[in-house]
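Some notes on the structure that comes next.
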Amino acid sequence: MQIARVVGTVVATQKHRAFEGAKLLLVQPLTLDDKPRGTALLAVDTLGAGVHEKVLVVMEGRAAGEALGRRLAPVDAAVVGIIDTVDVVA
Amino acid sequence: MQIARVVGTVVATQKHRAFEGAKLLLVQPLTLDDKPRGTALLAVDTLGAGVHEKVLVVMEGRAAGEALGRRLAPVDAAVVGIIDTVDVVA
Amino acid sequence: MQIARVVGTVVATQKHRAFEGAKLLLVQPLTLDDKPRGTALLAVDTLGAGVHEKVLVVMEGRAAGEALGRRLAPVDAAVVGIIDTVDVVA
Amino acid sequence: MQIARVVGTVVATQKHRAFEGAKLLLVQPLTLDDKPRGTALLAVDTLGAGVHEKVLVVMEGRAAGEALGRRLAPVDAAVVGIIDTVDVVA
Amino acid sequence: MQIARVVGTVVATQKHRAFEGAKLLLVQPLTLDDKPRGTALLAVDTLGAGVHEKVLVVMEGRAAGEALGRRLAPVDAAVVGIIDTVDVVA
(Lines give C-alpha, C1' and ligand atoms only; values in the text may rest on other atoms or scores of the structure.)
Protein backbone atom coordinates (compact mmCIF):
# COMPACT_ATOMS: atom_id res chain seq x y z
CA MET A 1 0.00 0.00 0.00
CA GLN A 2 1.09 3.55 -0.61
CA ILE A 3 0.83 6.75 1.39
CA ALA A 4 -0.94 9.45 -0.61
CA ARG A 5 -2.79 12.71 -0.17
CA VAL A 6 -6.23 13.40 -1.58
CA VAL A 7 -5.76 16.33 -3.97
CA GLY A 8 -8.97 16.44 -5.95
CA THR A 9 -11.91 14.70 -7.49
CA VAL A 10 -13.01 13.63 -10.94
CA VAL A 11 -16.45 13.76 -12.51
CA ALA A 12 -17.31 11.25 -15.24
CA THR A 13 -21.00 11.18 -16.13
CA GLN A 14 -20.57 8.41 -18.65
CA LYS A 15 -18.91 5.46 -16.97
CA HIS A 16 -19.01 1.74 -16.39
CA ARG A 17 -22.10 0.84 -14.35
CA ALA A 18 -19.98 -0.55 -11.52
CA PHE A 19 -18.86 3.00 -10.74
CA GLU A 20 -22.41 4.30 -10.16
CA GLY A 21 -22.45 5.91 -6.74
CA ALA A 22 -18.74 5.43 -6.20
CA LYS A 23 -16.61 8.48 -5.47
CA LEU A 24 -13.41 8.89 -7.44
CA LEU A 25 -10.60 10.64 -5.62
CA LEU A 26 -7.49 12.06 -7.18
CA VAL A 27 -4.66 10.94 -4.90
CA GLN A 28 -1.02 12.03 -5.00
CA PRO A 29 1.50 9.45 -3.73
CA LEU A 30 3.95 10.91 -1.19
CA THR A 31 7.49 10.25 -0.06
CA LEU A 32 8.10 9.68 3.66
CA ASP A 33 8.78 13.41 4.09
CA ASP A 34 5.46 14.28 2.42
CA LYS A 35 6.78 15.35 -0.96
CA PRO A 36 4.76 14.41 -4.08
CA ARG A 37 6.12 11.25 -5.72
CA GLY A 38 5.24 10.43 -9.30
CA THR A 39 1.89 11.26 -10.84
CA ALA A 40 -1.48 11.55 -9.14
CA LEU A 41 -3.91 8.73 -9.88
CA LEU A 42 -7.57 7.96 -9.35
CA ALA A 43 -8.76 5.72 -6.56
CA VAL A 44 -12.27 4.77 -5.50
CA ASP A 45 -13.16 6.01 -2.05
CA THR A 46 -14.54 3.52 0.45
CA LEU A 47 -14.24 5.56 3.63
CA GLY A 48 -15.47 9.08 2.93
CA ALA A 49 -11.95 10.51 2.78
CA GLY A 50 -11.80 14.26 2.24
CA VAL A 51 -9.55 16.50 0.22
CA HIS A 52 -6.16 17.16 1.96
CA GLU A 53 -6.39 13.98 4.04
CA LYS A 54 -3.45 11.58 4.05
CA VAL A 55 -4.66 8.15 3.04
CA LEU A 56 -3.62 4.54 2.53
CA VAL A 57 -4.08 3.51 -1.08
CA VAL A 58 -4.13 -0.06 -2.35
CA MET A 59 -3.07 -0.34 -5.98
CA GLU A 60 -4.16 -3.62 -7.52
CA GLY A 61 -7.38 -4.65 -9.14
CA ARG A 62 -8.49 -7.59 -7.05
CA ALA A 63 -7.77 -5.72 -3.83
CA ALA A 64 -9.47 -2.53 -5.00
CA GLY A 65 -12.56 -4.45 -6.04
CA GLU A 66 -12.71 -6.05 -2.60
CA ALA A 67 -12.35 -2.64 -0.99
CA LEU A 68 -15.30 -1.38 -2.98
CA GLY A 69 -17.26 -4.44 -1.93
CA ARG A 70 -17.82 -5.29 -5.57
CA ARG A 71 -15.53 -8.09 -6.55
CA LEU A 72 -16.29 -7.70 -10.20
CA ALA A 73 -15.81 -3.94 -10.43
CA PRO A 74 -13.26 -2.75 -13.00
CA VAL A 75 -11.09 -0.77 -10.58
CA ASP A 76 -7.36 -0.88 -9.89
CA ALA A 77 -6.90 1.46 -6.91
CA ALA A 78 -8.85 2.23 -3.73
CA VAL A 79 -8.53 4.28 -0.56
CA VAL A 80 -8.56 1.73 2.27
CA GLY A 81 -7.46 3.81 5.27
CA ILE A 82 -7.18 7.35 6.57
CA ILE A 83 -3.74 7.78 8.10
CA ASP A 84 -3.37 9.24 11.57
CA THR A 85 0.38 8.94 12.02
CA VAL A 86 3.41 7.58 10.22
CA ASP A 87 6.29 6.65 12.53
CA VAL A 88 9.64 6.37 10.82
CA VAL A 89 12.48 4.97 12.92
CA ALA A 90 15.80 6.74 12.60
CA MET B 1 -7.15 4.46 -12.60
CA GLN B 2 -5.33 6.86 -14.85
CA ILE B 3 -6.37 9.96 -16.75
CA ALA B 4 -5.60 9.60 -20.46
CA ARG B 5 -6.54 11.01 -23.82
CA VAL B 6 -7.68 8.91 -26.77
CA VAL B 7 -5.09 9.55 -29.50
CA GLY B 8 -5.77 6.85 -32.05
CA THR B 9 -6.89 3.38 -32.93
CA VAL B 10 -5.29 0.09 -33.88
CA VAL B 11 -6.40 -2.46 -36.43
CA ALA B 12 -5.43 -6.09 -35.93
CA THR B 13 -7.23 -8.49 -38.26
CA GLN B 14 -5.60 -11.55 -36.76
CA LYS B 15 -6.28 -11.58 -33.04
CA HIS B 16 -7.44 -13.63 -30.09
CA ARG B 17 -11.13 -14.50 -30.52
CA ALA B 18 -12.06 -12.61 -27.34
CA PHE B 19 -11.22 -9.36 -29.13
CA GLU B 20 -13.76 -9.93 -31.93
CA GLY B 21 -15.99 -6.88 -32.04
CA ALA B 22 -14.01 -5.04 -29.37
CA LYS B 23 -12.59 -1.62 -30.23
CA LEU B 24 -8.96 -0.99 -29.37
CA LEU B 25 -8.12 2.59 -28.50
CA LEU B 26 -4.68 4.07 -28.32
CA VAL B 27 -4.67 6.12 -25.11
CA GLN B 28 -1.99 8.53 -23.90
CA PRO B 29 -1.71 8.91 -20.09
CA LEU B 30 -1.68 12.56 -18.97
CA THR B 31 -0.28 14.55 -16.08
CA LEU B 32 -2.69 16.73 -14.09
CA ASP B 33 -1.89 19.65 -16.38
CA ASP B 34 -2.71 17.60 -19.46
CA LYS B 35 0.82 16.89 -20.63
CA PRO B 36 1.58 13.43 -22.09
CA ARG B 37 3.10 11.11 -19.49
CA GLY B 38 4.98 8.00 -20.54
CA THR B 39 4.05 5.96 -23.58
CA ALA B 40 0.63 5.51 -25.15
CA LEU B 41 -0.95 2.11 -24.64
CA LEU B 42 -3.89 0.15 -25.97
CA ALA B 43 -7.12 -0.18 -24.04
CA VAL B 44 -10.38 -1.86 -24.98
CA ASP B 45 -13.25 0.57 -25.28
CA THR B 46 -16.43 -0.19 -23.37
CA LEU B 47 -18.20 3.16 -23.70
CA GLY B 48 -17.86 4.36 -27.28
CA ALA B 49 -15.16 6.89 -26.41
CA GLY B 50 -13.98 9.00 -29.33
CA VAL B 51 -10.63 10.33 -30.39
CA HIS B 52 -9.52 13.44 -28.41
CA GLU B 53 -11.77 12.58 -25.44
CA LYS B 54 -10.28 12.51 -21.96
CA VAL B 55 -10.95 9.14 -20.40
CA LEU B 56 -10.56 7.07 -17.25
CA VAL B 57 -8.42 4.01 -17.92
CA VAL B 58 -8.17 0.98 -15.67
CA MET B 59 -4.88 -0.86 -16.03
CA GLU B 60 -5.07 -4.39 -14.70
CA GLY B 61 -6.20 -7.58 -16.29
CA ARG B 62 -8.98 -8.74 -14.03
CA ALA B 63 -10.52 -5.28 -13.96
CA ALA B 64 -10.22 -4.78 -17.71
CA GLY B 65 -11.84 -8.14 -18.36
CA GLU B 66 -14.74 -7.16 -16.11
CA ALA B 67 -15.06 -3.86 -17.95
CA LEU B 68 -15.32 -5.72 -21.23
CA GLY B 69 -17.94 -7.97 -19.69
CA ARG B 70 -15.82 -10.98 -20.55
CA ARG B 71 -14.10 -12.20 -17.45
CA LEU B 72 -11.86 -14.53 -19.39
CA ALA B 73 -10.72 -12.06 -22.02
CA PRO B 74 -6.94 -11.59 -22.31
CA VAL B 75 -6.92 -7.82 -21.79
CA ASP B 76 -4.96 -5.65 -19.36
CA ALA B 77 -6.42 -2.15 -19.89
CA ALA B 78 -9.87 -0.72 -20.54
CA VAL B 79 -11.60 2.64 -20.85
CA VAL B 80 -14.14 2.71 -18.02
CA GLY B 81 -15.22 6.37 -17.98
CA ILE B 82 -15.34 9.52 -20.06
CA ILE B 83 -14.09 12.40 -17.93
CA ASP B 84 -16.14 15.60 -17.67
CA THR B 85 -14.03 17.51 -15.17
CA VAL B 86 -10.96 17.05 -13.02
CA ASP B 87 -10.91 19.27 -9.92
CA VAL B 88 -7.50 19.68 -8.36
CA VAL B 89 -7.42 21.47 -5.01
CA ALA B 90 -4.67 24.03 -4.57
CA MET C 1 -1.89 -3.80 -24.16
CA GLN C 2 1.41 -2.77 -25.68
CA ILE C 3 2.66 -2.47 -29.22
CA ALA C 4 5.81 -4.55 -29.73
CA ARG C 5 7.90 -6.14 -32.43
CA VAL C 6 8.91 -9.80 -32.44
CA VAL C 7 12.72 -9.77 -32.35
CA GLY C 8 13.66 -13.33 -31.54
CA THR C 9 12.92 -16.60 -29.84
CA VAL C 10 14.08 -18.46 -26.77
CA VAL C 11 14.75 -22.14 -26.29
CA ALA C 12 14.35 -23.64 -22.83
CA THR C 13 14.42 -27.45 -22.79
CA GLN C 14 13.85 -27.67 -19.08
CA LYS C 15 10.69 -25.78 -18.22
CA HIS C 16 7.40 -25.87 -16.37
CA ARG C 17 5.12 -28.48 -17.97
CA ALA C 18 2.52 -25.84 -18.88
CA PHE C 19 4.98 -24.47 -21.44
CA GLU C 20 5.23 -27.76 -23.37
CA GLY C 21 4.41 -27.00 -26.98
CA ALA C 22 4.10 -23.27 -26.38
CA LYS C 23 6.30 -20.94 -28.42
CA LEU C 24 8.17 -18.23 -26.55
CA LEU C 25 8.74 -15.05 -28.50
CA LEU C 26 11.14 -12.29 -27.59
CA VAL C 27 9.18 -9.07 -28.10
CA GLN C 28 10.50 -5.51 -27.99
CA PRO C 29 7.98 -2.85 -26.86
CA LEU C 30 7.85 0.13 -29.25
CA THR C 31 7.03 3.81 -29.01
CA LEU C 32 4.39 5.21 -31.39
CA ASP C 33 7.12 6.07 -33.89
CA ASP C 34 8.44 2.51 -33.80
CA LYS C 35 11.50 3.10 -31.64
CA PRO C 36 12.45 0.42 -29.06
CA ARG C 37 11.13 1.28 -25.59
CA GLY C 38 12.56 -0.39 -22.51
CA THR C 39 13.80 -3.96 -22.52
CA ALA C 40 12.60 -6.87 -24.63
CA LEU C 41 10.57 -9.49 -22.78
CA LEU C 42 9.24 -12.97 -23.40
CA ALA C 43 5.65 -13.61 -24.37
CA VAL C 44 3.86 -16.83 -25.27
CA ASP C 45 2.63 -16.90 -28.83
CA THR C 46 -0.98 -17.79 -29.46
CA LEU C 47 -1.30 -16.73 -33.09
CA GLY C 48 1.75 -17.96 -34.97
CA ALA C 49 3.36 -14.53 -35.07
CA GLY C 50 6.64 -14.37 -36.94
CA VAL C 51 9.88 -12.53 -36.37
CA HIS C 52 9.72 -8.83 -37.46
CA GLU C 53 5.91 -8.70 -37.12
CA LYS C 54 4.35 -5.92 -35.08
CA VAL C 55 2.14 -7.43 -32.41
CA LEU C 56 -0.25 -6.64 -29.60
CA VAL C 57 1.07 -7.92 -26.28
CA VAL C 58 -0.95 -8.36 -23.12
CA MET C 59 1.16 -8.11 -19.98
CA GLU C 60 -0.59 -9.64 -16.98
CA GLY C 61 -0.77 -13.16 -15.71
CA ARG C 62 -4.46 -13.89 -15.71
CA ALA C 63 -4.88 -12.41 -19.17
CA ALA C 64 -1.86 -14.22 -20.59
CA GLY C 65 -3.06 -17.52 -19.18
CA GLU C 66 -6.44 -16.98 -20.85
CA ALA C 67 -4.71 -16.15 -24.12
CA LEU C 68 -2.82 -19.42 -23.95
CA GLY C 69 -6.09 -21.21 -23.24
CA ARG C 70 -4.60 -22.59 -20.04
CA ARG C 71 -5.93 -20.65 -17.13
CA LEU C 72 -3.48 -22.19 -14.71
CA ALA C 73 -0.35 -21.65 -16.78
CA PRO C 74 2.44 -19.67 -15.09
CA VAL C 75 2.74 -16.97 -17.74
CA ASP C 76 2.66 -13.19 -17.49
CA ALA C 77 2.72 -12.01 -21.12
CA ALA C 78 1.17 -13.19 -24.39
CA VAL C 79 0.87 -12.12 -28.01
CA VAL C 80 -2.86 -11.61 -28.60
CA GLY C 81 -2.94 -9.82 -31.95
CA ILE C 82 -0.92 -9.14 -35.09
CA ILE C 83 -1.13 -5.42 -35.85
CA ASP C 84 -2.09 -4.27 -39.34
CA THR C 85 -2.18 -0.51 -38.77
CA VAL C 86 -1.79 2.02 -35.96
CA ASP C 87 -3.63 5.28 -36.59
CA VAL C 88 -2.44 8.16 -34.46
CA VAL C 89 -4.52 11.35 -34.65
CA ALA C 90 -2.56 14.57 -34.87
CA MET D 1 9.68 -11.02 -3.76
CA GLN D 2 11.79 -8.12 -2.62
CA ILE D 3 14.33 -7.67 0.14
CA ALA D 4 13.35 -4.77 2.40
CA ARG D 5 13.99 -3.38 5.85
CA VAL D 6 11.25 -2.50 8.33
CA VAL D 7 11.64 1.24 8.96
CA GLY D 8 8.45 2.22 10.72
CA THR D 9 4.77 1.74 11.31
CA VAL D 10 1.56 3.49 10.35
CA VAL D 11 -1.55 4.11 12.40
CA ALA D 12 -4.88 4.44 10.63
CA THR D 13 -7.86 4.41 12.97
CA GLN D 14 -10.38 4.64 10.17
CA LYS D 15 -9.76 1.80 7.75
CA HIS D 16 -11.33 -0.99 5.77
CA ARG D 17 -12.66 -3.65 8.15
CA ALA D 18 -10.32 -6.28 6.70
CA PHE D 19 -7.41 -4.42 8.28
CA GLU D 20 -8.78 -4.67 11.84
CA GLY D 21 -6.08 -6.26 13.95
CA ALA D 22 -3.56 -6.30 11.12
CA LYS D 23 -0.23 -4.55 11.66
CA LEU D 24 0.96 -2.22 8.93
CA LEU D 25 4.72 -1.98 8.54
CA LEU D 26 6.57 0.66 6.60
CA VAL D 27 9.19 -1.27 4.61
CA GLN D 28 12.07 0.15 2.58
CA PRO D 29 13.19 -1.97 -0.41
CA LEU D 30 16.96 -2.53 -0.47
CA THR D 31 19.62 -3.16 -3.08
CA LEU D 32 21.85 -6.21 -2.64
CA ASP D 33 24.38 -4.06 -0.76
CA ASP D 34 21.69 -2.87 1.65
CA LYS D 35 21.15 0.61 0.21
CA PRO D 36 17.59 2.00 0.11
CA ARG D 37 16.01 1.50 -3.31
CA GLY D 38 12.96 3.53 -4.34
CA THR D 39 10.30 4.61 -1.91
CA ALA D 40 9.18 2.89 1.27
CA LEU D 41 5.77 1.23 1.10
CA LEU D 42 3.28 -0.31 3.48
CA ALA D 43 2.99 -4.05 3.92
CA VAL D 44 0.80 -6.07 6.25
CA ASP D 45 2.77 -8.06 8.78
CA THR D 46 2.07 -11.75 9.11
CA LEU D 47 5.07 -12.82 11.17
CA GLY D 48 5.60 -10.30 13.94
CA ALA D 49 8.53 -8.64 12.19
CA GLY D 50 10.17 -5.85 14.15
CA VAL D 51 11.62 -2.50 13.20
CA HIS D 52 15.16 -2.78 11.68
CA GLU D 53 14.62 -6.40 10.62
CA LYS D 54 15.38 -7.41 7.05
CA VAL D 55 12.33 -9.02 5.54
CA LEU D 56 10.96 -10.72 2.44
CA VAL D 57 8.08 -8.74 0.97
CA VAL D 58 5.58 -10.04 -1.55
CA MET D 59 4.09 -7.29 -3.69
CA GLU D 60 0.88 -8.39 -5.36
CA GLY D 61 -2.67 -8.40 -4.17
CA ARG D 62 -3.66 -12.02 -4.44
CA ALA D 63 -0.44 -13.13 -2.80
CA ALA D 64 -0.66 -10.55 -0.03
CA GLY D 65 -4.24 -11.54 0.73
CA GLU D 66 -3.16 -15.16 1.00
CA ALA D 67 -0.34 -14.17 3.32
CA LEU D 68 -2.79 -12.39 5.59
CA GLY D 69 -4.98 -15.50 5.53
CA ARG D 70 -7.85 -13.39 4.24
CA ARG D 71 -8.25 -14.00 0.57
CA LEU D 72 -10.65 -11.13 0.14
CA ALA D 73 -8.61 -8.51 1.97
CA PRO D 74 -7.81 -5.35 -0.02
CA VAL D 75 -4.04 -5.55 0.40
CA ASP D 76 -1.22 -5.45 -2.16
CA ALA D 77 1.92 -6.13 -0.12
CA ALA D 78 2.81 -8.39 2.81
CA VAL D 79 5.83 -9.44 4.85
CA VAL D 80 6.17 -13.20 4.27
CA GLY D 81 9.62 -13.94 5.70
CA ILE D 82 12.29 -12.65 8.05
CA ILE D 83 15.64 -12.89 6.30
CA ASP D 84 18.59 -14.55 8.04
CA THR D 85 21.17 -14.39 5.27
CA VAL D 86 21.47 -13.33 1.65
CA ASP D 87 24.22 -15.15 -0.24
CA VAL D 88 25.30 -13.43 -3.43
CA VAL D 89 27.68 -15.39 -5.63
CA ALA D 90 30.56 -13.44 -7.09
CA MET E 1 8.52 -13.38 -18.68
CA GLN E 2 11.99 -12.03 -18.09
CA ILE E 3 15.46 -13.36 -18.77
CA ALA E 4 17.52 -13.43 -15.58
CA ARG E 5 20.59 -15.04 -14.08
CA VAL E 6 20.61 -16.85 -10.74
CA VAL E 7 23.04 -14.90 -8.58
CA GLY E 8 22.43 -16.20 -5.09
CA THR E 9 20.12 -17.61 -2.49
CA VAL E 10 18.30 -16.35 0.58
CA VAL E 11 17.73 -18.07 3.89
CA ALA E 12 14.68 -17.13 5.94
CA THR E 13 14.03 -19.46 8.86
CA GLN E 14 10.89 -17.64 9.93
CA LYS E 15 8.53 -17.50 6.99
CA HIS E 16 5.00 -18.05 5.80
CA ARG E 17 4.17 -21.77 5.96
CA ALA E 18 3.58 -21.90 2.18
CA PHE E 19 7.33 -21.39 1.70
CA GLU E 20 8.31 -24.49 3.72
CA GLY E 21 10.51 -26.60 1.47
CA ALA E 22 10.55 -24.03 -1.32
CA LYS E 23 13.91 -22.73 -2.50
CA LEU E 24 14.29 -19.00 -2.88
CA LEU E 25 16.66 -17.86 -5.61
CA LEU E 26 18.09 -14.41 -6.01
CA VAL E 27 17.74 -13.64 -9.72
CA GLN E 28 19.19 -10.69 -11.63
CA PRO E 29 17.18 -9.57 -14.69
CA LEU E 30 19.37 -9.18 -17.80
CA THR E 31 19.33 -7.14 -20.97
CA LEU E 32 19.57 -8.98 -24.29
CA ASP E 33 23.34 -8.59 -24.21
CA ASP E 34 23.52 -10.15 -20.74
CA LYS E 35 24.06 -6.96 -18.74
CA PRO E 36 22.33 -6.65 -15.33
CA ARG E 37 19.09 -4.66 -15.59
CA GLY E 38 17.49 -3.16 -12.51
CA THR E 39 17.66 -4.80 -9.11
CA ALA E 40 17.88 -8.49 -8.30
CA LEU E 41 14.72 -10.02 -6.87
CA LEU E 42 13.66 -13.24 -5.21
CA ALA E 43 11.88 -15.99 -7.10
CA VAL E 44 10.76 -19.43 -5.96
CA ASP E 45 12.54 -22.23 -7.76
CA THR E 46 10.44 -24.94 -9.36
CA LEU E 47 13.07 -26.61 -11.52
CA GLY E 48 16.22 -27.01 -9.48
CA ALA E 49 17.99 -24.13 -11.19
CA GLY E 50 21.56 -23.54 -10.05
CA VAL E 51 23.62 -20.46 -9.42
CA HIS E 52 24.97 -18.86 -12.65
CA GLU E 53 22.23 -20.44 -14.81
CA LYS E 54 20.21 -18.23 -17.12
CA VAL E 55 16.53 -18.66 -16.36
CA LEU E 56 13.05 -17.64 -17.41
CA VAL E 57 11.28 -15.80 -14.60
CA VAL E 58 7.55 -15.17 -14.39
CA MET E 59 6.70 -12.09 -12.33
CA GLU E 60 3.09 -12.10 -11.20
CA GLY E 61 1.41 -13.65 -8.22
CA ARG E 62 -1.18 -15.91 -9.78
CA ALA E 63 1.34 -17.27 -12.26
CA ALA E 64 4.04 -17.78 -9.64
CA GLY E 65 1.63 -19.62 -7.38
CA GLU E 66 0.71 -21.92 -10.25
CA ALA E 67 4.38 -22.52 -10.97
CA LEU E 68 4.92 -23.56 -7.37
CA GLY E 69 1.92 -25.87 -7.64
CA ARG E 70 0.33 -24.09 -4.69
CA ARG E 71 -2.32 -21.78 -5.96
CA LEU E 72 -2.74 -20.09 -2.62
CA ALA E 73 0.93 -19.44 -1.94
CA PRO E 74 1.89 -15.81 -1.29
CA VAL E 75 4.52 -15.55 -4.02
CA ASP E 76 4.96 -13.06 -6.84
CA ALA E 77 7.86 -14.46 -8.89
CA ALA E 78 9.00 -17.93 -9.94
CA VAL E 79 11.65 -19.58 -12.11
CA VAL E 80 9.69 -21.45 -14.81
CA GLY E 81 12.41 -22.36 -17.30
CA ILE E 82 16.16 -22.85 -17.69
CA ILE E 83 17.25 -21.07 -20.85
CA ASP E 84 19.37 -22.89 -23.41
CA THR E 85 19.58 -20.23 -26.11
CA VAL E 86 18.25 -16.78 -26.88
CA ASP E 87 18.09 -16.00 -30.61
CA VAL E 88 17.86 -12.31 -31.41
CA VAL E 89 17.21 -11.45 -35.04
CA ALA E 90 19.27 -8.61 -36.43
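Each Lys and Arg adds +1 at its Cβ and each Asp and Glu adds -1 at its Cβ; summed about the Cα centre, the range D:23-90 shows a dipole of about 280 debye. Sorted from closest to farthest, the other copies place their D:Thr31 label points 1.7, 1.7, 2.7, 2.7 nm away, with each point set 7 Å from Cα along Cα→Cβ. Which aspartates and glutamates have a Cα lying under 16 Å from the Cα of B:Lys23, excluding residues fewer than 8 positions away in the same chain? Straight-distance partners of B:Lys23: B:Asp45, B:Glu53, B:Glu66, B:Asp76, C:Asp84, C:Asp87. Using every pair of distinct Cα positions in the protein assembly as shown, the Kirkwood expression returns a hydrodynamic radius of 22.1 angstrom. Between this copy and the others, label points of E:Gly48 are 3.7, 3.7, 6.0, 6.0 nm apart in ascending order, each placed 7 angstrom from Cα in the Cβ direction. Amide H contacts of E:Glu53 (H built 1.01 Å from N, in plane; Pro and chain starts excluded): E:Val6 sit under 5 Å, all sequence-distant by 5 or more or on other chains.
Taking both sides together, the accessible area buried where D meets E is about 2300 Å² for a 1.4 Å probe. Positive-end ranking of E:Ala49, E:Phe19, E:Val6 along the dipole of chain E, with charges on Cβ about the Cα centre, is headed by E:Phe19. Note on A:Thr13: accessible area approximately 110 square angstrom, rounded to 10, probe 1.4 Å, nucleic acids and ligands left out.
Summary value for the range E:2-82: 31 percent relative contact order, contacts being C-alpha pairs under 8 angstrom separated by 6+ residues. Mean projected area of the convex hull spanned by the Cα atoms of chain A, taken over all viewing directions: 6.0 nm². Residue of chain D with the Cβ closest to the rotation axis carrying D onto B, and that distance rounded to whole Å: D:Arg62, 5. Between copies, the label points of C:Arg17, set 7 Å from Cα on the Cα→Cβ line, lie 2.6, 2.6, 4.2, 4.2 nm apart, reported in increasing order to one decimal in nanometres. Mean residue ellipticity at 222 nm, helices only, the protein assembly as shown: -2500 deg cm²/dmol; runs of at least 4 DSSP H residues each add -39,500 (n - 2.57), and the sum is divided by the number of residues. For GluC sites (Glu not before Pro), the sites in the range B:8-90 that DSSP calls loop and that have at most 15 other Cβ atoms within 10 Å are B:Glu20. Of the whole protein surface, B:Ile82 contributes about 10 Å² of accessible area at a 1.4 Å probe radius.
The values are calculated or read from the model by the stated rules, or taken from the named source; none is laboratory data. Every value quoted in this text rests on a predicted model; they were computed, and no experiment measured them. Methodologically, a virtual Cβ is constructed for each residue, glycine included, from the backbone with ideal geometry; neighbour enumeration extends over all protein chains shown. These accessible areas exclude ligands, DNA and RNA; they are computed on the full protein's heavy atoms, side chains included. Shrake-Rupley method; radii C 1.70, N 1.55, O 1.52, S 1.80 Å.
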